[in-house]
Amino acid sequence: MKKRILIIGACGQIGTELTARLRQLYPSHKVIASDIREGDEALMQSGPFEILDATDYSAIEDVVIRHEITEVYLMAAMLSATGEKFPMKAWHLNMNSLFNVLNLAKDGKIDKVFWPSSIAVFGPSTPKRQTPQQTIMEPSTVYGISKQTGERWCEYYFQKYGVDVRSVRYPGLISYKTLPGGGTTDYAVDIYHKALKHTKYICFLKAETTLPMMFMDDAIDATIKIMDVPASKIKTRSSYNLAAMSFNPEEIAQRIQHYLPDFKISYQPDFRQAIADSWPESIDDTEAQKDWGWKAKVSLDEMTQIMLKNLKEKY
Ligand code: SER
């Protein structure tokens, strides 16, 4: 088999789980993990690893040539909350890493690219419920602007240069294996940790802030699936809407209280409230379902059971 995969940003929230899954599916030595820093022991022990700066074109090119890489998953990015603190850094990382990978594909050095977009491409003027694939997009965060711009460039590289780039707009992602960093949806991970450790959680969003969310296993399934289907099935070369569940802090807290009756939540909204308020409450992913047969499996209740069971073992 010719396929050799490079994951850039392999030590982050998504990258860690994506690398593990790809190493179950393909021979480990053909799945190269890379990041600006080393990852956890499981990741470091399970296959090849390269220290790699996603903004350094020649460093990526070197790894691609040395390992005869055919596909790149670009998971390195600065998320919404950190992006608001470091706008220029976020723009530099999010855009230059994408250009590096798109240009490698344009020059025929790799065959296929996965690049994630986000619900952050939507903004205050976007319809909030069941947000369609094509709609008004006026993102108000640096992160969102970088993702929307990235989507346009992906489409451009496909149209002009035939680059086989595939993308999904992830909702907030929840996992027990890895922690998110610097996002607005991070509360939905932290809440489970705090519920088990301290039986209380102070939420940085208001009780009624509904956002689209997804359990990590579903996100990894979608990622691998969109990369696996024949190119002819991919009708959207910007990025596909993806949906699983929508809830607000009060609803997730109630689900947790069902299993941990002593759990208490209180609210101290900070600057992330404005970011959350600019995003949709729910997403219509009909096109992804229709074009490449994707469908989420895990509900809020199932996710809560999985999260509490696995984190209980950890603590
Ligand atoms: N989870 C991301 C964030 O909160 C959105 O893509 O920034």
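Give the residue that is surrounded by the most Cβ atoms within 10 Å (Cβ to Cβ), with candidates limited to residues of the range 69-88 that are within 15 Å of the ligand (Cβ to nearest atom) and farther than 26 Å from residue 224 by Cβ.
Of everything passing the filter in the range 69-88, 83 is surrounded by the most Cβ atoms within 10 Å (Cβ to Cβ).
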Would you confirm whether or not the range 42-56 contains a residue that is touching a strand residue (DSSP E or B) at 6+ places or on another chain (Cβ under 8 Å) and closer than 19 Å to residue 164 by Cβ? no
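Taking the range 144-197 as the search range and keeping residues that are of a type in the set (Asp, Glu) and crowded, with 20+ Cβ neighbours inside 10 Å, which one is nearest to the ligand (Cβ to nearest atom)?
186
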Looking at the structure I just gave you, is residue 239 within 16 Å of the ligand (Cβ to nearest atom) and closer than 14 Å to residue 297 by Cα?
no
Conditions (1) within 16 Å of the ligand (Cβ to nearest atom); (2) surrounded by fewer than 22 Cβ atoms within 10 Å (Cβ to Cβ); (3) within 29 Å of residue 302 (Cβ to Cβ) -> residue 123 fails only (3)
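Would you mind listing the helices (runs of 4 or more DSSP H) fully within the range 203-315 where at least 2 residues are under 21 Å from residue 178 (Cβ atoms)?
Numbers: elements: 216-228, 249-259, 272-277, 286-292, 300-314.
In the range 203-315, 216-228, 249-259, 300-314 are the helices (runs of 4 or more DSSP H) which contain 2 or more residues that are under 21 Å from residue 178 (Cβ atoms).
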Within the range 57-112, residues acidic (Asp, Glu) and either modelled with pLDDT under 95 or in a helix (DSSP H, G or I) (or both) come out as 61, 62, 84
Residues in the range 134-143 that are within 13 Å of the ligand (Cβ to nearest atom) and either crowded, with 23+ Cβ neighbours inside 10 Å or free of Cβ contacts under 8 Å to residues at least 24 places away in the same chain (or both) total 3
Residue 108 meets each of (1) more than 16 Å from the ligand (Cβ to nearest atom); (2) of a type in the set (Gly, Ala, Ser); (3) on the phi < 0 side of the Ramachandran plot with one exception, condition (3)
| Residues in the range 283-293: is at least one over 21 Å from the mean Cα position of the chain (by Cα) and either surrounded by 14 or more Cβ atoms within 10 Å (Cβ to Cβ) or at positive phi (or both)? | no
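The values are calculated or read from the model by the stated rules, or taken from the named source; none is laboratory data. As the structure is a computational prediction, the values presented were derived from the model and not from experiment. Quick reminder, even Gly has a Cβ in these numbers, built from the backbone with ideal geometry, and neighbours come from all protein chains shown.
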